[in-house]
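Participant: Mind having a look at this structure? Questions to follow.
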Amino acid sequence: MYTDIGRSLGTDYFRIGDQLTAEERDYWRRTRDFVDDEVLPVINGYWERAEFPWPLVKKMAGLNIVGDGIVGYGCPQMSPIAAGLVHMELNRGDGSLGTFLGVQAGLAMRSIALLGSEEQKRRWLPPMAKLDKLGAFALTEPLHGSDSVSLETSARREGDTWVLNGAKRWIGNGTIADVTVLWARDVADAKVKGFLVEKGTEGYDARRIRGKGSLRAVWQADITLTDVRVPEANRLPGARTFKDAGLVLAGTRNTVAWSALGHAVAAYDTARSYAGQRIQFGQPLVAFQIVQERLVRMPAEICGMQLYCLRLGRLMEEGRLTDTIAALAKMNNTSKARQVILDARDLLGGNGILLDYHVMRHLADIESIHTYEGTETIQTLIVGRDITGVAAFA
């Protein structure tokens, strides 16, 4: 039965699978099978070589899982929980693939869906859902990471054209995207606006960031904008202030909570299996009390993360998910996942640092997920402001 997907692996101790619809279980099963059959056998090589896994992306296109719950425009019909399960499973396989989908669907496509014109939606969303066109989301700048509201990239209007100048950093898919959702400040009114910059536009220079020790199989870019000319038709009409960018980011924090859960599940699965097979001092590791204590503590944290995610999905369905609730879930799940994966690495001893066992890759990748879409510190201060009414940051 579909409800046994996680239970058979010991990762659904609270029977959360019983709360899912048949459609949600189908998305879960479909993505899990893809990860087990296609991703896990080859992903270590891509990660070690820092090579983008084009063959896996092409196969992913046939799964009909790209859309993050966007309604219509060729996107697959899925509930918020189904979309979360897809992100969870992809990240269980590899954080790079999960991040790729998060940028493609959660940031680029969602920006167009929420803030774009009807013409922009019809032009871009159907081919992006099929991965025939790839997207990027350019907000972060070299000097403005957490302080993204202070972005300095400028937009100046000249007739029916906008001229963009500035720099962006850590832009996922930035070197391969067919369209980049780019955020810039209008020099006329100082408001932040969104623009669709198409591949091949003169003055757009994207260079891959090298030397990463995390998410090595997905490419982030440094982008330089030098008098990039964008037609008025490529401005997102719904993006009038930074708050509109925030609407998109609030949704992705929900996704990151699911992603962190996927990483934790992967590490625990490996640790439990390994401890049952590894013989030390004449008996398997699971026969030692301290090992059992860790193997209980890890799913205890995972169960809490699952309940966070399930509640996030229900609140999204009801239209009641706030940015502060999403921030708390992102903060909690990434922090808990880091500890679960660290415990798994420790249980594997020296083998824990080998890519063959996958745990070290998840330990490296969770560091990026813990940081992007707002660090733990920033999420803490956002929630702190909400519950106290006092802002502890500018």
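Participant: Would you rank 54, 219, 170 by solvent-accessible area, highest first, keeping every protein chain in place and using a 1.4 Å probe?
Facilitator: So, going from the largest accessible area down, we get 170, 54, 219.
Participant: Further question on the same structure: May I ask for the angle, rounded to the nearest 10°, between helix 22-34 and the longest principal axis of the chain, with both axes built from Cα atoms and the value confined to 0 to 90°?
Facilitator: Computed tilt is about 80 degrees.
Participant: How do 393, 34 rank by accessible surface area computed with a 1.4 Å probe, from largest to smallest?
Facilitator: 393, 34
Participant: Given an 8 Å cut-off on Cα distances and at least 6 residues of separation, report the relative contact order of the chain as a percent.
Facilitator: Dividing the mean separation by the residue count of the chain yields 17 percent.
Participant: Volume per residue, Å³, of the convex hull around the alpha-carbon atoms of the range 68-215?
Facilitator: 129
Participant: Another question about this same structure. Which of 173, 165, 91 ends up with the largest GNM mean-square fluctuation for the chain, with Cα atoms connected below 10 Å?
Facilitator: Checking each option, the largest mean-square fluctuation is seen for 165.
Participant: Moving on to the next point. With charges only on Cβ, +1 for K and R and -1 for D and E, what is the dipole size of the chain about its Cα centre, in debye, rounded to 20?
Facilitator: My answer is approximately 140 debye.
Participant: Enter the per residue convex hull volume of the range 1-155, computed from alpha-carbon coordinates, in Å³ rounded to the nearest integer.
Facilitator: Per-residue hull volume (Cα only) is 151 Å³.
Participant: How far is helix 323-347 tilted, in degrees, relative to the longest principal axis of the Cα atoms in the chain, given as a value from 0 to 90 rounded to the nearest 10?
Facilitator: The angle comes out at about 40 degrees.
Participant: For residue 240, tell me the accessible area in Å² from a 1.4 Å probe, rounded to the nearest 10.
Facilitator: 150
Participant: If you average the C-alpha positions of the range 25-47 and of the range 143-219 separately, how far apart do those two centres end up, in angstrom?
Facilitator: So the two Cα centres are separated by 31 Å.
Participant: May I ask for the angle, rounded to the nearest 10°, between helix 376-388 and the longest principal axis of the chain, with both axes built from Cα atoms and the value confined to 0 to 90°?
Facilitator: Orientation of helix 376-388: about 80 degrees from the principal axis.
Participant: So, how do all the Cα-to-Cα distances of the range 294-380 break down into 5 Å bins, in percent, from 0 on up?
Facilitator: Each 5 Å bin holds this share of Cα pairs: 3, 14, 21, 19, 19, 12, 7, 3, 1, 0.
Participant: Using every pair of alpha-carbon atoms in the range 96-156, split the distances into 10 Å bins beginning at 0 and state the percent of pairs per bin, rounded to integers.
Facilitator: 21, 41, 32, 6
Participant: Right, next: Could you state, as a whole-number percent, how many of the C-alpha pairs of the range 129-256 are farther apart than 17 Å?
Facilitator: Everything past 17 Å amounts to 57 percent.
Participant: A follow-up question, please. Roughly how much of residue 37 is accessible, in Å² to the nearest 10, using a 1.4 Å probe?
Facilitator: Accessible surface of residue 37 is approximately 110 Å².
Participant: For the range 340-392 and the range 240-284, compute the distance between their C-alpha centroids and round to whole Å.
Facilitator: Between the Cα centres of the range 340-392 and the range 240-284 lies a distance of 9 Å.
Participant: Where the Cα atoms of the chain are projected onto their three principal axes, how long is each span, largest first, in whole Å?
Facilitator: So the extents along the principal axes, rounded to whole Å, are 78, 47, 40.
Participant: Please give the charge dipole size of the range 300-377, origin at the Cα centre, charges +1 on K and R Cβ atoms and -1 on D and E Cβ atoms. Round to the nearest 20 debye.
Facilitator: Roughly 160 debye for the range 300-377.
Participant: Further question on the same structure: Just subtract the alpha-carbon distance of residue 277 and residue 318 from 0.36 nm times their residue separation and send over the number in nm, one decimal.
Facilitator: Roughly 10.3 nm would be gained on extension.
Participant: Give the residue from 148, 233, 27 lying farthest towards the positive end of the charge dipole for the chain; charges sit on Cβ (+1 for Lys and Arg, -1 for Asp and Glu) and the dipole is referred to the Cα centre.
Facilitator: 148
Participant: Size of the range 191-238 along its principal axes in angstrom, Cα-based, largest extent first?
Facilitator: 39, 24, 19 Å, listed from the longest principal axis down.
Participant: Quick one: if you stick a label point 7 Å off each Cα along the C-beta vector at residue 286 and residue 130, how many nm between them?
Facilitator: 4.7
Participant: Per the Kirkwood definition applied to all pairs of different Cα atoms, how many angstroms is the hydrodynamic radius of the range 230-364?
Facilitator: Averaging 1/r across every pair of different Cα atoms and inverting gives 16.9 Å.
Participant: When you take every Cα atom in the range 60-112, what is the radius of gyration, and what is Dmax, the widest Cα pair distance, in Å?
Facilitator: 10.2, 28
Participant: Ignoring everything except DSSP H segments at least 4 long, calculate the 222 nm mean residue ellipticity for the chain; use -39,500 (n - 2.57) per segment, divide by total residues, nearest 500.
Facilitator: -15500 deg cm²/dmol
Participant: Additional query: Explain nothing, just the number: dipole magnitude of the range 339-394 about its Cα centre with +1 on each Lys and Arg Cβ and -1 on each Asp and Glu Cβ, in debye rounded to the nearest 20.
Facilitator: Here the range 339-394 has a charge dipole of around 80 debye.
Participant: Normalised by the empirical 2.2 N^0.38 Å for globular proteins, what value does the Cα Rg of the range 220-276 take?
Facilitator: Expressed relative to 2.2 N^0.38 Å, the Cα Rg reads 1.97.
Participant: When the accessible area of the range 243-394 is computed with all protein chains present and a 1.4 Å probe, what percentage of it is carbon and sulfur?
Facilitator: 57
Participant: Could I ask something else about it? Where both residues lie in the chain, what percent of DSSP beta bridges are antiparallel, nearest 5?
Facilitator: 85
Participant: Could you give the length gained on full extension between residue 199 and residue 212, defined as 0.36 nm per residue of separation minus the Cα-Cα distance, in nm?
Facilitator: Extending this stretch completely gives an extra 2.2 nm.
Participant: How would 223, 176, 325 rank on accessible area, largest to smallest, probe 1.4 Å?
Facilitator: Output order, biggest surface exposure first: 325, 176, 223.
Participant: Let me ask another. Carbon and sulfur together cover what percent of the accessible area of the range 1-138 at a 1.4 Å probe radius?
Facilitator: Answer for the range 1-138: carbon and sulfur cover 51 percent of the accessible area.
Participant: So with the 1.4 Å probe, I'd like the accessible area per residue for the chain, rounded to whole Å².
Facilitator: Dividing the accessible area of the chain by its residue count gives 42 Å².
Participant: Please give the solvent-accessible surface of residue 162 in Å², to the nearest 10, using a probe radius of 1.4 Å with every protein chain present.
Facilitator: For residue 162, the solvent-accessible surface is approximately 10 Å².
The values are calculated or read from the model by the stated rules, or taken from the named source; none is laboratory data. Please read these numbers as outputs of a predicted model, since none were measured by experiment. Backbone-built Cβ (ideal geometry, glycine too); neighbour counts: all protein chains shown. Remember, those area values only see protein heavy atoms, side chains included, never the ligands or the DNA or RNA. Shrake-Rupley method; radii C 1.70, N 1.55, O 1.52, S 1.80 Å.
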